[in-house]
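Inspection log for the structure reproduced underneath, given as structure tokens.
The values are calculated or read from the model by the stated rules, or taken from the named source; none is laboratory data. It should be emphasised that the depicted structure is a prediction, and the values quoted were computed from it without experimental measurement. Cβ placement follows ideal geometry from the backbone for every residue including glycine, while neighbour counts extend to all protein chains displayed. Please note that ligands, DNA and RNA were not included when accessible areas were found on the heavy atoms of the full protein model with its side chains. Shrake-Rupley method; radii C 1.70, N 1.55, O 1.52, S 1.80 Å.
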Amino acid sequence: MFVESFPRSGLDETANPCLQAYQMSTPFDLIPTLDNLLFETAQSIDEFSDSFVPQTRSADERFGDFQANGVLPYAKRAGINPRELAQKLIDALPDSEDWTIELAGPGFINFTLSSRFLLRWIMEHGTAKNLAKVARTKEPEHVVVDYSSPNTAKQMHVGHIRSTIIGESIARILQYQGHKITRDNHLGDWGTQFGILLLAIKEEKVSLDNLGGDPIAILENLYRHGNARIKEEEYALLQARQELVKLQDGDPENLQLWEKIRDISMSSFLKIYELLDVRFDHSLGESFYRDKVDEVYSSLSDHKICQEDDGALVVFHPEHKRFAKQPFIIRKSDGASNYATTDLATLAYRQKDWHADQVIYVTDGRQRDHFEQLFLTASKWFNADDVKLPKLDHVWFGTILGDDNKAIKTRDGQPIKLIDLLEEAMKRAAEMVRQKNAELPEDEVEKRARIIGLGAVKYADLSQDRTLDYVFSWEKMLAMQGNTAPYLQYAVARIHSIFRKLNSLPTDSFTSARVPESDPERKLSRKLLFFPLVLKQATRELKPHFLCTYLYELATEFSSFYNQEKVMVDEKDTRNLRLLLCASTQAVLTTGLGLLGIETLEEM
Ligand code: ARG
């Protein structure tokens, strides 16, 4: 019910209650506050009942700052003229110096924030420190983010970059909002690949202790050999299966080899995580759950959630269109556990031992069926056990395409190794840096190249709606113009240079400033105010591209402000306002990019 979802905070019933609540609010909850105000006011009007939902949202700039759309559907249901009803509500709303209200279209109510309000907001909240405060949620939760999750014994390839980058950004934004985050790298370290690899290691008498060269590449090659062997000879296939069974039964030799493979893989992953500035709290991996799968079989069997089917143990979902017939296999007919079994055991563990309120899985869109079936099965299982199911989200993404519009590959058709891609990004960025400034010392070139190159790769990925495929293009992502990381990093560097010339810091506070008056001042102020709301949208939909689009618009707005308004004017209050806008823009851009995992530079 409406009343529950919009708690009225600390109202002084003697004063105008609605306005009081409004003044106490930060922009982070401006929408609920306006909703509240409209709802309360409507209750004093005969035509409204408590089933009226105001539906306030941030508005297109042409229509003010916020728009309430709820009168229209309500009036239609009640058979009242919506414009007349909206006007009645507007007339009853208390006057405020903080906004103007207008009737629009078929019965919308538009709020335009006053310049005074905008200034007050920027003064109070527009620094990096205070931004963090307004963005904080009132309902912190424990969120487990399951991302990156490559398979051991293979190199991370370009397909894993999306999970790593998107997962990290979502974790950062949620953490910034005050949630407790557990980052878990769910490594694929217990799959069938090990039978094949163990066979190859033994046949080729390889010692894992001194592989030399690039150990992970050597492992990957061995795996390839092994794979070729089992395809050409049936006996080899049988041997590989036996090696896997031996491993899973705890054979000490195979276990030791497996551990070494895991170590070699982890150290190659760590190099990439370090470059990308990603740190996990756990890398439990599928192997961690190997002694927890029996519990899954017995519990699901006891609850009659699964059934035998051709020797396998499967779950059907009769209420679902496709999954009524398409089984979710939780134990293969040879008795082995699989991806589904581990995921069920993993979820139970995260609920029981970590008390997760929410679990977010970040993978390729091709795993959508798996997660849909997993969530359906888990919900029945938890329900039967009377355990609260954490909120489950599958954050899936599309494919990175090459020039030919097919999944990106090297020239000889191999998947591109992630490490090669990241190194190339830094190399290209270094050329850019040198071209701009030939005298720069080499260590500074390297530092800037890392920040610009890796920032470009991350941003190119994050700035697309994650559910879409996108074409990978060095030229586009490294461009200084357009919706790119270098463009945003440049905007930050430019603001630094303004303050450098002034010999002051953007963190210096400006106690006296006039209100924003001109169009560019107003537009920039308004944009700044929307930062916490955009974060809310990004985490509601678990899509970081909303933040990217916003930062790009902010940088563009700043650029047009800076081109039109001279900052260093004599009149002190005007200068202070403009410096304040510069400082606040810098705080929002730097914070926002940081939430995307992208660093900034003072000079570029
Ligand atoms: N290892 C898997 C892969 O490379 C991703 C694992 C995702 N996490 C999970 N809990 N299933 O595709």
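Each eigenvalue of the Cα gyration tensor of the stretch 249-343, multiplied by 5 and square-rooted, gives one semi-axis; in descending order these are 33, 19, 11 Å. Counting only Cα atoms, the size of the stretch 455-604 along its three principal axes is 51, 31, 24 Å, in decreasing order.
In this structure the stretch 542-604 gives 35 Å² per residue of accessible area when probed at 1.4 Å with all protein chains present.
Using 0.36 nm per residue and subtracting the Cα-Cα separation, the extra length available between Ser512 and Arg411 on full extension is 30.3 nm. Computed extension length for Asp60-Glu141: 26.0 nm, one decimal, from 0.36 nm per residue of separation with the Cα-Cα distance subtracted. The residues of the stretch 423-535 present an accessible area of 46 Å² per residue when probed at 1.4 Å with all protein chains retained. When you filter the GluC sites (Glu not before Pro) in the stretch 388-458 for DSSP loop state and at most 15 other Cβ atoms inside 10 Å of their Cβ, you are left with Glu439. With a Förster radius of 60 Å applied to the beta-carbon distance between Asp573 and Asp369, the computed FRET efficiency rounds to 0.45.
What FRET efficiency comes out for the pair Asp353/Thr467, r = Cβ-Cβ distance, R0 = 30 Å, nearest 0.05?
E between Asp353 and Thr467, to the nearest 0.05, is 0.40.
Would you tally the net charge around Leu276, using a Cβ to Cβ cut-off of less than 13 Å, leaving Leu276 out, and scoring K and R as +1, D and E as -1? It works out to a net charge of +1.
What is the distance in Å between the Cα centroid of the stretch 173-195 and that of the stretch 104-152? Between the Cα centre of the stretch 173-195 and that of the stretch 104-152, the gap is 26 Å. Annotation for the stretch 203-289: trypsin sites (Lys or Arg not before Pro) lying in DSSP loop with at most 14 further Cβ atoms inside 10 Å of their Cβ are Lys205, Arg279.
Helix-derived [θ] at 222 nm for the chain: sum -39500 (n - 2.57) over DSSP H runs of at least 4, divide by residue count, nearest 500? When only DSSP H runs of four or more count, the value is -17000 deg cm²/dmol.
Overall, the accessible surface of the stretch 237-319 at a probe of 1.4 angstrom is composed of carbon and sulfur to the extent of 48 percent.
With the charge dipole of the chain set up from +1 on Lys and Arg Cβ and -1 on Asp and Glu Cβ about the Cα centre, the Cα lying farthest toward the positive end among the listed residues Ser51, Pro82, Ala429 is that of Ala429. Principal axis extents of the C-alpha atoms in the chain (largest first, rounded to whole Å): 84, 69, 40.
Using a probe of 1.4 angstrom, how much of the accessible area of the stretch 477-604 is carbon and sulfur, in percent? After summing per-atom areas, the C and S share lands at 48 percent.
Once R0 is set to 35 Å, what does the formula 1/(1 + (r/R0)^6) return for the Cβ-Cβ distance between His320 and Glu553, expressed as a FRET efficiency to the nearest 0.05?
Efficiency at R0 = 35 Å is approximately 0.30.
The fraction of accessible area contributed by carbon and sulfur in the stretch 344-398 is 46 percent, rounded to a whole number (1.4 Å probe; ligands and nucleic acids excluded). The residues of the stretch 186-310 expose, per residue, 55 Å² of accessible area to a 1.4 Å probe. Note on the stretch 354-414: Rg/Rh from C-alpha atoms, Kirkwood Rh, equals 1.22. For the stretch 447-604, the dipole from Cβ point charges (+1 on Lys and Arg, -1 on Asp and Glu) about the Cα centre works out to 220 debye, to the nearest 20.
Measure out, as a whole number of angstrom, how far apart the alpha-carbon centroids of the stretch 530-604 and the stretch 403-459 sit. Rounded to whole Å, the Cα centres lie 26 Å apart. Net length available on complete extension from Ser115 to Gln87 is 7.7 nm, with 0.36 nm assigned per residue and the Cα-Cα distance removed. Charged neighbours of Lys292, selected by a Cβ distance under 11 Å, balance to -3 (K, R count +1; D, E count -1).
Of the GluC sites (Glu not before Pro) found in the stretch 502-573, those in coil by DSSP whose Cβ has at most 12 other Cβ atoms within 10 Å are Glu517, Glu571.
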